[in-house]
1. Need the list of aspartates and glutamates near K157 for cross-linking: C-alpha distance under 14 angstrom, and skip anything on the same chain fewer than eight residues off.
2. With viscosity set to 1.306 mPa s at 10 °C, what whole-number translational diffusion coefficient in µm²/s follows for segment 1-109 from Stokes-Einstein and a Kirkwood radius over Cα pairs?
3. For the chain, what % of the accessible area comes from carbon and sulfur atoms, probe 1.4 Å?
4. Rounded to the nearest 500, what is the 222 nm mean residue ellipticity of the chain from helices alone, with -39500 (n - 2.57) per DSSP H run of 4+ residues and division by all residues?
5. Report the one residue of V181, L149, L202 whose Cα lies farthest in the direction of the positive end of the charge dipole of segment 101-249 (charges on C-beta: Lys and Arg +1, Asp and Glu -1; origin at the Cα centre).
6. Tell me the per residue accessible area of segment 1-127 using a 1.4 Å probe; a whole number in Å² is fine.
7. For segment 101-175, place one equal point scatterer on every Cα, skip the solvent, and apply the Debye formula. What is log10 of I(q)/I(0) at q = 0.16, 0.25 Å⁻¹?
8. What distance in nm separates the two pseudo spin-label positions at A63 and L32, each 7 Å out from Cα along the beta-carbon direction?
Amino acid sequence: IILALSMHPQLDILDLHGSGMGRNGCVALATLLRWRATELHTLNLSYNGIDDEGVEALTLALANSRHLHTLALSSNSSISIRGWWALSTFLSAPSSNLQELFLACNDIGDEGVVAFASALTKNRALKKLSLYKNPSITAGGWAAFSKLLCDTTSVNKTFLSNHTLHVLARPDGVGLPSDLVSSLNLNSSEAGRKKIAMIKILKHHNDFDLRPLFEWDFKVLPFVISWLEAASICPTNFEKNIRRRKLSSIYQFVRDMSMMYIEVCTTHR
């Protein structure tokens, strides 16, 4: 099969589901993919007895793959946290274009889930991550994904959250924490990342802390007011309180910025 693939680099779908390739077969395939350019966009290696060494070789081979969009590694239970760390490194690479990753039935635990969540912090490509039937994942592991999709510690952290991933575990989200399901559903909307970020900010931040933006001096208030104007027409299923937010921002600006202005004037004198 691998010899045939080397003769057909234009092949775009390779389904080796249940072929029993094991570690050696995976390493051989990885060697080919690493040294020969292919147009593969779907690679199914589920039910193959692949272990950590096989995954490590595969992730190295796929590091510069521009075409691969779907990878299935479900039911390869010999893979341990060592292999999941290697896969998470691949996901964190700026060159990763993977959009769908299927990892069902692999006994992945919280440590592996946390590694994936960390790797996806700056990933804007992956849309689906199937972790279905991995019963070792606890509320602590899912919490890492809740924070990934909507970090509420600050407005900026919420803005920089992941607004792309929209499928985890089962497509219907059964068994996931409600806050995580809410973020997944929002990410699945067609609003676009900019509006999704806007909705998350409106939902989780009643008042904006303008102090981190004060380096913009008097430009900060027009910026915030303009942002709130844009947010006023953004569809939500909760009360946005735009007017109250505007008044709160103006009050904070006048209160804190005036003191900074007085301090600057005093210093110059």
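The values are calculated or read from the model by the stated rules, or taken from the named source; none is laboratory data. As the structure is a prediction and not an experimental result, all values here were calculated from the model. Note: ideal-geometry Cβ built from the backbone for every residue, glycine included; neighbour counts use all protein chains shown. Heavy atoms of the whole protein, side chains included, go into the accessibility calculation; ligands, DNA and RNA do not. Shrake-Rupley method; radii C 1.70, N 1.55, O 1.52, S 1.80 Å.
1. Reachable aspartates and glutamates: D209.
2. Answer, rounded: 117 µm²/s.
3. 56 percent
4. Computed mean residue ellipticity for the chain: -15000 deg cm²/dmol.
5. Value computed over the given set: L202.
6. Per-residue value: 47 Å².
7. Debye output, listed in q order: -0.54, -1.25.
8. 2.2 nm
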